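Undergrad: Next up is a structure, given as structure tokens.
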Amino acid sequence: MAKVASFDLDHTKVRAPYVRLADLKYTPGGEVISKWDLRVGQPNREVIGTGAMHTFEHLLAMKMRDHLEGIVDVSPMGCRTGFYAVIIGQPAPEAVMEAFAGALADIVAHEGPVPAANPLECGNYRDHDLEEAKYWSRRVLEKGLHVQETILIEGR
């Protein structure tokens, strides 16, 4: 069976909110692609509602690109505690952290409709919660982000 790097993370020892370099991949041409764990809630203790996760997905897809070049994708984690950002290159952890904080501040300041939350551009346009996404964004900014080192499950 294929090895999945995120399954080796000891989720009981990390402390959210944080950013963490989750994985590196190299293209056949030698370019690096980095995968970042953008953790909002404490694993196995907190969960973001589906509407807020969906709203985060729409807003982070745009706002992270405003703060950091090379963003390929920002996707929600199935556990609903954070997001993965896939980035061309390997930016410094502090740069990813600043971009994430900037995007969260943009979400707090967002007024008006959620971008692309309509039946033409979204597959579940009714399931959004901007107020909860703003709540989580404010919460992360108030607690403060840090760079989390990868803590492997013992013996792996």
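The values are calculated or read from the model by the stated rules, or taken from the named source; none is laboratory data. This structure is a prediction, so every number in the text was calculated from the model and none was measured. Because the Cβ atoms are built from the backbone with ideal geometry, glycine has one as well, and the counts that use them run over all protein chains shown. The area values use the complete protein model at the heavy-atom level, side chains included, leaving out ligands, DNA and RNA. Shrake-Rupley method; radii C 1.70, N 1.55, O 1.52, S 1.80 Å.
Undergrad: Within segment 30-57, how many residues are among the acidic types (Asp, Glu) and open to solvent by 70 Å² or more (accessible area, probe 1.4 Å)?
TA: Selection size over segment 30-57: 1.
Undergrad: Listed residues Thr81, Thr27; which is closer than 28 Å to Leu130 by Cβ and either at pLDDT 95 or above or open to solvent by 20 Å² or more (accessible area, probe 1.4 Å) (or both)?
TA: Thr81
Undergrad: For segment 119-156, enumerate the residues that are open to solvent by less than 30 Å² (accessible area, probe 1.4 Å), in contact with a Leu (Cβ under 6 Å, 6 or more places away or on another chain) and not small (Gly, Ala, Ser).
TA: Within segment 119-156, just Val140 meets the criteria.
Undergrad: Right, another one. Consider only pairs whose beta carbons are under 7 Å apart and that are at least six residues apart or on different chains; among these, list those whose first residue lies in segment 80-102 and is under 20 Å from Met62 (Cβ atoms) and whose second residue is among the charged types (D, E, K, R) and modelled with pLDDT of 95 or more.
TA: Once the first residue is under 20 Å from Met62 (Cβ atoms) and sits in segment 80-102, its partners that are among the charged types (D, E, K, R) and modelled with pLDDT of 95 or more give Gly82/Asp37; Gly82/Arg39; Tyr84/Lys35; Tyr84/Asp37; Val86/Lys35; Val86/Asp73; Ile88/Glu31.
Undergrad: Only one of Ala103, Ala116, Ala109 is open to solvent by 30 Å² or more (accessible area, probe 1.4 Å) and on the phi < 0 side of the Ramachandran plot; which?
TA: After applying the criteria, what remains is Ala109.
Undergrad: For Val96, only one of the following conditions fails: (1) among the β-branched types (Val, Ile, Thr); (2) open to solvent by 40 Å² or more (accessible area, probe 1.4 Å); (3) over 22 Å from Glu154 (Cα atoms). What is its number?
TA: Condition not satisfied by Val96: (2).
Undergrad: All but one of (1) surrounded by fewer than 20 Cβ atoms within 10 Å (Cβ to Cβ); (2) acidic (Asp, Glu); (3) touching a residue at least 24 places away in the same chain (Cβ under 8 Å) hold for Asp73, so report the exception by its number.
TA: (3) is the only condition that Asp73 fails.
Undergrad: Sticking with this structure for a sec: List the residue pairs whose Cβ atoms are under 8 Å apart, where the first residue sits in segment 18-37 and is within 12 Å of Ser6 (Cβ to Cβ), the second is basic (Lys, Arg) and surrounded by fewer than 16 Cβ atoms within 10 Å (Cβ to Cβ), and the two are 6 or more positions apart or on different chains.
TA: That search, which allows pairs on different chains as well, returns Lys35/Lys25.
Undergrad: Moving on. So Ala5 clears everything in (1) open to solvent by 40 Å² or more (accessible area, probe 1.4 Å); (2) at pLDDT 95 or above except one condition, right? Which one?
TA: Among (1) open to solvent by 40 Å² or more (accessible area, probe 1.4 Å); (2) at pLDDT 95 or above, the lone unmet condition for Ala5 is (2).
Undergrad: Hey, could you check segment 5-21 for residues that are within 20 Å of Gly89 (Cα to Cα) and hydrophobic (A, V, I, L, M, F, W, C) and say which is farthest from the chain's Cα centre (by Cα)?
TA: Ala5
Undergrad: Considering only segment 58-69, I want to know if a residue exists there that is within 20 Å of Val140 (Cβ to Cβ), buried (at least 19 other Cβ atoms within 10 Å of the Cβ) and charged (D, E, K, R).
TA: So far as segment 58-69 goes, yes, one or more of its residues are within 20 Å of Val140 (Cβ to Cβ), buried (at least 19 other Cβ atoms within 10 Å of the Cβ) and charged (D, E, K, R).
Undergrad: Output the residues belonging to segment 84-93 that are outside any loop (DSSP other than H, G, I, E, B) and either open to solvent by 10 Å² or more (accessible area, probe 1.4 Å) or basic (Lys, Arg) (or both).
TA: Passing the criteria: Tyr84, Val86, Ile88, Gly89, Pro93.
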